[in-house]
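The values are calculated or read from the model by the stated rules, or taken from the named source; none is laboratory data. Note that the structure is a prediction, hence the values are computed from the model and not measured. Note that each Cβ is placed from the backbone with ideal geometry, even for glycine, and that neighbours are counted across all protein chains shown. All accessible areas refer to the heavy atoms of the entire protein, side chains included, with ligands and DNA or RNA removed. Shrake-Rupley method; radii C 1.70, N 1.55, O 1.52, S 1.80 Å.
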Amino acid sequence: MSSSTVITNIATLVTNSPSLGDGSPLGLVQDAAVVMEGDRVVWTGESSKAPATDNRVDAGGRAVIPGFVDSHSHLVFAGDRTQEFNARMSGRSYTAGGIRTTVAATRAATDEELEANLTRYLAEALRQGTTTFETKSGYGLTVADEARALRIAAAHTDEVTYLGAHIVSPDFADDPAAYVALVTGEMLDACAPYARWIDVFCEKGAFDGDQARAILTAGRARGLTPRIHANQLSHGPGVQLAVELDAASADHCTHLTDADVDALANGDTVATLLPGAEFSTRAAWPDARRLLDAGVTVALSTDCNPGSSFTSSVPFCVALAVRDMGMTPDEAVWSATAGGAAALRRDDIGRLAPGARADLLVLDAPSHVHLAYRPGVPLVSEVWREGVRRYSRPD
């Protein structure tokens, strides 16, 4: 039988279960405790009412929140794009074409180099509180390179996304239709066994609405659930297509019409906002306030990738969302935890309630609000994943 552990003396506990706390979406409990048994939460509530356990951990008056759920990243790659970033900060605008630089470097890398890069960024993300992450292929754009990217990713997460449709492969620059046929045929056959999701970059310079529909429909027929890069650089059909196909998430959502917002509000597709991309490209910010006020479910994620958002820090994205996207600190923390879980259609993560996976963070602060209040400060003191302390910040 697995042992039980209580974390007690928690100043503020975010449960994301309103029935357990103050009735807010965060389900806040003051002077709280969490009991874990094995890899699950079995009890949460006020410290004075905590049941007896085998082990006891004193949070020292710190806040505890669910582990961050980073539902959008691109971590299987080689090389970096420092020169592109430097040029863009000097006045050149971002386009999807920069992806080709990473494609060349990724194709040239060995499996060992790609996996070492992936594990490096996963360790970096863990130290900043990410306990669940999704990651995509999309930097190989050949059958063999896409399949190996997904195989490498699948050794580290269950949330693996086939993104052969990141851009049209340079090898098919003169025949995009043939590349779509490859993505929906031989490449899909090779990649589907490793993936849970299928994604497409629906954007000028990448794939139009008809191509995106064909790709996502083919993936869905193979048992993969759609997600979509939608309306990032300009307005397009991506959001409407996401809702039509019951995609789990429409990601970016920067350029939206009222009809797009209404579609998201009336569907089950999560709007995943990626403020690191706007920060790194000096682009217009997504209007989170507009989405939230319409009743849309919003997630926050890093979009960690070497071109347009080279950050693995969810706390940084929380701070950006509060400062520049109209979110309250409560909304941003919810979106980075429970919202990310919704974008992955998971109910076992992103919350701290009985039955949930015991993924939690101890913050070196009395409240979750400090994630936005103290931007850039490393507040994650401990990370617990599946009931095991995976990281403890050195004093």
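Couple of notes before you dig in:
- The condition (being in contact (Cβ under 8 Å) with a residue 60 or more places away in the chain, under 21 Å from S3 (Cβ atoms) and not basic (K, R)) is satisfied by just one residue among D348, D359: D359.
- Every residue from the range 364-389 that is surrounded by 20 or more Cβ atoms within 10 Å (Cβ to Cβ) and aromatic (F, W, Y): W384
- Subset tally (residues that are closer than 22 Å to P329 by Cα, part of a loop (DSSP other than H, G, I, E, B) and among the charged types (D, E, K, R)) for the range 267-299: 1
- The range 226-258, residues that are open to solvent by 20 Å² or more (accessible area, probe 1.4 Å), of a type in the set (A, V, I, L, M) and modelled with pLDDT of 95 or more: V243, L256
- The single condition among (1) crowded, with 24+ Cβ neighbours inside 10 Å; (2) among the small types (G, A, S); (3) modelled with pLDDT under 95 that A283 does not meet is (1).
- From the options A123, A104, A116, residue that is farther than 11 Å from F77 by Cα, open to solvent by 10 Å² or more (accessible area, probe 1.4 Å) and small (G, A, S): A123
- Residue under evaluation V42, criteria (1) among the hydrophobic types (A, V, I, L, M, F, W, C); (2) in contact (Cβ under 8 Å) with a residue 40 or more places away in the chain; (3) open to solvent by less than 60 Å² (accessible area, probe 1.4 Å); (4) assigned to a strand (DSSP E or B), criterion not met: (3)
- The range 25-37: number of residues that are more than 23 Å from the chain's Cα centre (by Cα) and open to solvent by 30 Å² or more (accessible area, probe 1.4 Å): 3
- Condition met for S24 (in a loop (DSSP other than H, G, I, E, B) and closer than 21 Å to A365 by Cα): yes
- Looking only at the range 305-331, and only at residues there that are assigned to a helix (DSSP H, G or I) and of a type in the set (V, I, T), the one that is surrounded by the most Cβ atoms within 10 Å (Cβ to Cβ): V314
- Hits in the range 182-217 - residues which are open to solvent by less than 10 Å² (accessible area, probe 1.4 Å), in contact (Cβ under 8 Å) with a residue 60 or more places away in the chain and not aromatic (F, W, Y): D199
- Verdict on T217 being assigned to a helix (DSSP H, G or I) and of a type in the set (S, T, Y): yes
- Search result, residues across the range 134-160 that are farther than 21 Å from G79 by Cβ and not in a helix (DSSP H, G or I): E134, A155, T157, D158, E159, V160
- Taking the range 158-181 as the range and being within 18 Å of P226 (Cα to Cα) and open to solvent by less than 30 Å² (accessible area, probe 1.4 Å) as the test, the residues that pass are E159, V160, T161, Y162, L163, G164, A165, H166, I167, V180.
- Scan of the range 230-266 for residues that are part of a loop (DSSP other than H, G, I, E, B) and closer than 21 Å to E159 by Cβ, ordered by number: Q232, L245, D246, A247, A248, C253
- Among the candidates S335, S392, the residue that is open to solvent by 40 Å² or more (accessible area, probe 1.4 Å), of a type in the set (S, T, N, Q) and over 16 Å from T12 (Cβ atoms) is uniquely S392.
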